[in-house]
Amino acid sequence: MFDAGHDGWFRAARRAKADFRIGILGARGRDAAARGIIGFWMTFRYFNTVMDDSGWRGGMRRNFRITTILLFASAGMIWAASSGAQKAATTGPAQFSIGGAVSTPLTISADDLKKMPRTTLRVMNPHSQKMEAYEGVALAALLEKAGVPHGEQLRGTALASCLLVEAADGYRVAYSLAELDAGIQDSEVLVADTMDGAPLGDGVGPVRLVAPHDKRPARWVRMVKAITVVKLPSER
């Protein structure tokens, strides 16, 4: 019933189906849903105009139209869900945690940070090439408050510990515990809540890390959600 010229239309339909599957995953949902709509609509129009009555009778036509309507409805739900997920990822939590291999797990809010000893750093933003003044609390001070070994206590197997910092959008970076200890290295990593005297805005705050001595700001985690101390197992 079909000749070789129809292959392109079937490939478009298969691509549209794959795009809808991608859409359900969320991150690229709206773009994938849009491509899916176009692909299925082109396929529907093709069947509706090219196929003759002998191959495109009432039952088949009705089923295909119902399927197309359902796919349009699914696309709308995917679009709405992905938009909500993207909106949620642009704002960090009102508080963050410090946990893992610590003696005193902490949950710290913006108000808690304002009551602690404050530090100001003036750094050059490698992206904007502008000087920025960040204010907040030294990460080392927060780790000390959580009971993480520091100074002369940081020795032996504790030197194999690392810090996992997670953002609200799922971005994660790691620091070694040793590089954050002032007795070993002056990293000056700051948990900042203001820049140039103003609270950090959406997509950045309410809290971010600033690592002034990193050559690239890849570990300047925005929208900090959790800080976890991980102690690596010793080899036997």
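The values are calculated or read from the model by the stated rules, or taken from the named source; none is laboratory data. Everything quoted here is computed from the prediction, not taken from an experiment. Backbone-built Cβ (ideal geometry, glycine too); neighbour counts: all protein chains shown.
The rows are residues; the columns are (1) in a strand (DSSP E or B); (2) more than 21 Å from PRO117 (Cβ to Cβ); (3) modelled with pLDDT of 95 or more.
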residue: GLU166; (1), (2), (3): yes, yes, yes
residue: VAL173; (1), (2), (3): yes, yes, yes
residue: ALA182; (1), (2), (3): no, no, no
residue: LYS215; (1), (2), (3): no, yes, no
residue: ARG222; (1), (2), (3): no, yes, yes
residue: ILE227; (1), (2), (3): yes, no, yes
residue: ARG236; (1), (2), (3): no, yes, no
**OP:** Output the number of the condition that VAL165 fails; it satisfies all remaining conditions of (1) over 21 Å from ILE108 (Cα atoms); (2) surrounded by 16 or more Cβ atoms within 10 Å (Cβ to Cβ); (3) among the hydrophobic types (A, V, I, L, M, F, W, C).
**Re:** (1)
Original post:
Could you say which residue among ALA198, ALA178, ALA182, ALA174 is farther than 18 Å from PRO149 by Cβ and of a type in the set (Gly, Ala, Ser)?
Top reply: ALA198
Original post:
Can you find a residue in the range 183-199 that is on the phi < 0 side of the Ramachandran plot, without any contact (Cβ under 8 Å) to a residue 12 or more places away in the chain and surrounded by 15 or more Cβ atoms within 10 Å (Cβ to Cβ)?
Top reply: no
**OP:** Confirm whether GLY203 is at positive phi, at pLDDT below 95 and in contact with an Asp or Glu (Cβ under 8 Å, 6 or more places away or on another chain).
**Re:** no
